[in-house]
Structures are given as C-alpha cells and as structure tokens.
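Accompanying notes for the structure given below.
What follows draws every value from the coordinates through simple rules; no lab data is involved. Because the structure is predicted, anything quoted here is derived from the model rather than measured. Note that we place each Cβ from the backbone using ideal geometry, even for glycine, and neighbour counts take in every protein chain shown.
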Amino acid sequence: MSNQVAQQYDKRPRMKEHGAVKRKNPGTNISKYISYLFLIVLCIIWIIPVIFGITTSFRSQSEVVSSGFRLFPKEWIFDNYVSILENTSTAPILRWLMNSLFIATMHTLLVVVVISITGYGYSRMKFKGRDTLFFTLLGISFFPGVVNLIPSYKIIDALGWVNTAWAMIIPGLAGMGNIFLVRQFMNGIPKDLDESAHVDGAGHFRIYFSIIMPLIKPVLIVCALFSFTGSWNDFLWPVIVFTDVDKMPVTAGLLLLQDIYGNYRMIGQLMGSAVLAIIPTLLLFLFAQKYFVQSINLNSGIKG
C-alpha cells in the first residue's frame with residue numbers, strides 16, 4: 001500500500017525548487033504605472049502653487065516685484081512675519097487665529113453631540129415617517145448653501161448674534177452629510193445588542209451612551225475633523241456676519257488684509273498671513289489622517 005502511495009506521489013506535477021512561477025499580465029503593470037504617473041502629475045500640479053505661496057512669504061518686496069517665477073527665493077527673510085505679528089491694531093492676526101480656534105472647537109463639539117443623537121434616532125428608533133423625513137431632509141441639503149444666506153442672516157440678526165461667535169457656532173450643527181455618515185455607520189451595528197439591552201431594562205439613552213457611542217467613535221472622529229476644517233475654512237458666511245475687526249475669524253481677516261496689504265503691494269505679508277492660517281488645519285490632518293482611512297468603510301462598526 002505504501003508503494004502505491006509513493007508511486008502516485010511521484011506522478012503528481014512537482015513544483016520548481018524555488019516555487020511556482022506565476023506569470024503576471026503585462027497590461028496590469030502598464031495600467032498601474034499609468035495610474036501612478038497620473039497621480040504624480042496631479043500632485044505636482046497641486047503642490048507647486050502651495051510651495052510657491054509659502055516661499056513667497058519669505059521673499060523681500062523688491063524680489064517679489066522684480067523677479068519672475070522662481071520657486072525658491074534668492075534670500076530667505078523673516079521680516080514679513082515680524083511685520084504681521086507686530087501689527088496688532090489694524091490686522092491682529094493672532095487674535096483672529098484664537099477666534100477661529102474657539103469657534104471651530106465649539107462648533108465641532110456641538111456637532112458631535114447633535115449628529116450622534118440624530119443618527120441614533122434615524123437608525124435605531126422606529127417612528128412613523130422616519131425614512132421619509134430623513135430622505136426629504138437629505139434631498140433638501142443638496143440645494144446650494146447660498147440660497148439660505150439671506151434667511152440665515154435674518155434669523156441671526158433677529159437673535160442678536162451678529163458680530164458674535166454664535167453666528168458661526170450654531171448654524172450647520174445638524175448637517176445632513178454628517179448625519180448620513182453616522183446613520184450608515186450605525187446600520188452596520190447588529191441590532192441584537194439593542195434588543196439584549198432592552199431585555200435587561202436599558203432605555204434608549206442608556207443604549208446610546210453605553211453601547212452605541214463607543215462603537216461609532218471612528219465615524220464621529222471623522223465628522224469632527226470635517227466639521228473643524230469646514231468651520232475654520234468658512235469664508236463667505238463670516239464675511240457677512242462680522243464687521244468688528246477684533247471679533248473676526250482668520251478667514252474674514254484675510255479679506256481685510258487684501259485691503260491693508262494689497263493697496264501697498266505687500267505680497268509677502270499677505271502670503272505670510274495665509275500660511276499662518278493654514279498651519280492649524282495642516283497639523284490636524286497630519287495627526288488624524290488615519291481616521292480618514294478608517295471611515296472609508298461605513299460598516300466597520302461591528303460585523304453581524
């Protein structure tokens with residue numbers, strides 16, 4: 001019997017000593033190289049203006065006016081940043097940065113609370129017209145934001161919030177885009193957990209705080225990042241609701257700087273102010289980029 005097994009073993013096709021050679025489709029490699037080349041070209045197109053803007057903030061005014069396109073300055077100077085930080089009367093850039101930090105932080109914290117509770121209601125609670133209401137609001141959210149500028153300003157003015165931080169903190173808390181992400185993420189969590197908690201006597205708030213909240217942490221972090229960057233980079237709305245220089249966020253302040261520095265062609269100071277404005281969001285993305293990757297799968301909470 002052992003001889004027959006040995007003979008059958010010898011008749012089997014043997015692998016090469018160094019493993020089987022698997023041929024790859026040449027077309028796959030070509031398409032991969034083309035994709036890489038395309039991404040590299042897009043990266044270069046995007047990053048060159050950014051680098052040029054940053055390096056312009058380290059150029060002297062004479063070099064900015066006289067020289068043509070040069071990616072790096074002939075002489076690196078820091079006078080532009082010194083002038084920016086010393087100007088605390090007409091262009092208090094540090095105060096604007098602190099205003100933006102306060103507004104974006106408060107807005108983000110309230111967004112996390114609102115969208116998590118709202119997403120729980122649309123995903124786990126049953127009431128008449130739930131899906132109809134959700135998809136109706138989702139469809140309305142696709143209208144351009146400029147349509148609501150005048151009604152929103154009328155409401156803010158009636159509440160006495162013009163030239164206050166509340167004018168930027170409160171509007172947009174219940175963004176349907178964030179609620180949609182949270183709802184879809186919650187739908188990936190088995191409802192058996194809810195039913196078991198109900199059997200043990202837990203109510204909706206206990207289930208929300210003790211079971212759902214820890215599981216949806218990745219998507220909440222991503223929504224928080226989106227909300228923070230959106231609030232920090234918002235330009236049109238703060239220009240409308242802020243007229244007091246000391247209370248402006250940094251985006252509205254940059255528009256004011258175009259009148260202050262642009263009339264005198266102080267391009268270096270203007271670019272330096274823009275660089276200071278992007279540093280917080282750049283650092284935020286660098287430290288939190290892994291959460292963007294985790295949020296790609298909306299059903300990554302728990303697999304049933």
Identify the chymotrypsin sites (Phe, Trp or Tyr not before Pro) of the stretch 130-210 meeting these criteria: DSSP loop state and at most 10 other C-beta atoms within 10 Å of the C-beta. Phe142
Treating the stretch 82-294 as a set of equal point scatterers at the Cα positions, no solvent, please give the Debye-formula log₁₀ I(q)/I(0) at q = 0.12, 0.14, 0.17 Å⁻¹. -0.74, -0.93, -1.19
Highest mean first, what order results for 74-82, 93-101, 125-133 on Cβ atoms within 10 Å? 93-101, 74-82, 125-133
Under the Karplus curve 6.51 cos²θ - 1.76 cosθ + 1.60, θ = phi - 60°, whole-Hz ³J(HN,Hα) for the stretch 120-136, x wherever Gly or Pro sits: 5, x, 6, 9, 10, 8, 10, 8, 5, x, 4, 5, 4, 5, 5, 6, 5
